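Trainee: Handing you a structure now.
The values are calculated or read from the model by the stated rules, or taken from the named source; none is laboratory data. What you are looking at is a predicted structure, and each value in this text was computed from that prediction instead of being measured. Here the Cβ is made from the backbone with ideal geometry for all residues, glycine too, and neighbour counts use every protein chain on show. Please note that ligands, DNA and RNA were not included when accessible areas were found on the heavy atoms of the full protein model with its side chains. Shrake-Rupley method; radii C 1.70, N 1.55, O 1.52, S 1.80 Å.
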Amino acid sequence: MKTKLSILLLLITGLCFAQSNQFIYEYTFKMDSLNRDKSETENMILQTSSKGSKFYSQVKAVYDSTMTAAFKDAQATQKTHFDFTNLKQSKVSTEVIKTYPDYKRTLKRSISSNRLLMVYDKKLNWEISKEKSKVLGYDVQMATTFLHGRKWKVWFASEIPIPDGPHEFYGLPGLIVKAEDSKGDHQFTLIATKKVAVDSDEMLSKKNKEIIVDEEKFRKLWNDYKKDPVKEMRQTSGSSSISAPVSVSSSITFDGKTYSQDDMLKLMEKERKDALQKNNNFLELDLYR
């Protein structure tokens with residue numbers, strides 16, 4: 001009931017002060033299809049504005065901000081040692097931008113250093129069920145759809161008149177407060193709300209070095225990455241370009257241990273190859289076939 005009242009207050013005050021309504025979801029996911037007993041969680045933010053919304057990892061936002069500040073400091077001071085021991089790394093790199101009122105969706109995914117955008121304007125086909133329930137004190141109704149090779153069941157609250165939701169979900173008469181796929185591998189559940197002032201244009205804009213690709217191009221880049229996951233890092237470390245944010249003689253500390261750049265390359269290659277073996281159950285299943 002407390003969450004319900006806070007969301008209603010959030011909507012009212014957000015309209016008065018033209019601030020952004022933030023809906024925080026707990027994302028539970030199983031990335032290893034051969035080990036469905038193991039699940040992971042990460043908090044995700046649906047940040048709405050009058051012009052659109054952005055869905056992203058709360059952890060990744062902190063990580064990216066910290067790393068950007070560190071590399072700017074490196075360029076300004078020629079610093080060659082960084083200690084990121086206490087910096088939590090995100091498990092989720094996905095971002096989704098939606099523009100209002102057409103609800104065109106831009107899915108942002110990264111492969112190595114490539115920041116890739118895929119734009120979708122095809123509407124989701126919903127089947128609204130008569131089944132009703134309660135979620136976070138709200139009367140909710142169930143609906144189903146297909147997205148990225150998965151069948152999804154969601155619950156929306158008509159009391160919250162925002163036809164948006166986590167990830168690419170939208171188009172129902174109320175905020176989607178819960179979503180899960182038919183296999184139980186991916187689930188989003190609304191857990192909290194916040195109110196912040198944001199720059200809508202900045203939030204929704206295309207960033208530098210982001211490349212728009214179609215699904216076929218994305219799959220090719222992904223298959224190339226699987227063959228050599230540190231190819232770009234190896235090329236960068238061998239470059240003498242003065243524009244590189246960190247010099248080739250840099251050392252980096254993680255978990256209290258200091259690594260040279262060669263050590264980091266070897267470590268990253270092993271970690272990424274190991275991750276590729278285990279991380280095979282992406283939410284966007286059809287993009288990784």
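Trainee: Determine which single condition LEU117 fails, assuming it passes every other condition in (1) out of contact with any Ser or Thr (no Cβ under 6 Å at 6 or more places or on another chain); (2) open to solvent by less than 20 Å² (accessible area, probe 1.4 Å).
Mentor: (1)
Trainee: Could you pull out the residue among SER90, SER65, SER57 that is surrounded by 14 or more Cβ atoms within 10 Å (Cβ to Cβ) and either more than 13 Å from the chain's Cα centre (by Cα) or modelled with pLDDT of 85 or more (or both)?
Mentor: None of the other options fit; the residue is SER57.
Trainee: Of THR189, THR193, which residue is open to solvent by 20 Å² or more (accessible area, probe 1.4 Å), more than 17 Å from the chain's Cα centre (by Cα) and among the polar types (S, T, N, Q)?
Mentor: It is THR193.
Trainee: For the stretch 130-181, what are the residues that are of a type outside the set (A, V, I, L, M, F, W, C), buried (at least 16 other Cβ atoms within 10 Å of the Cβ) and over 19 Å from THR48 (Cβ atoms)?
Mentor: Answer for the stretch 130-181, where residues must be of a type outside the set (A, V, I, L, M, F, W, C), buried (at least 16 other Cβ atoms within 10 Å of the Cβ) and over 19 Å from THR48 (Cβ atoms): GLN141, THR145, HIS148, ARG150, LYS153, GLU180, ASP181.
Trainee: Can you confirm whether LYS108 is in a loop (DSSP other than H, G, I, E, B) and either open to solvent by less than 40 Å² (accessible area, probe 1.4 Å) or at pLDDT below 95 (or both)?
Mentor: Against the criterion (in a loop (DSSP other than H, G, I, E, B) and either open to solvent by less than 40 Å² (accessible area, probe 1.4 Å) or at pLDDT below 95 (or both)), LYS108 does not qualify.
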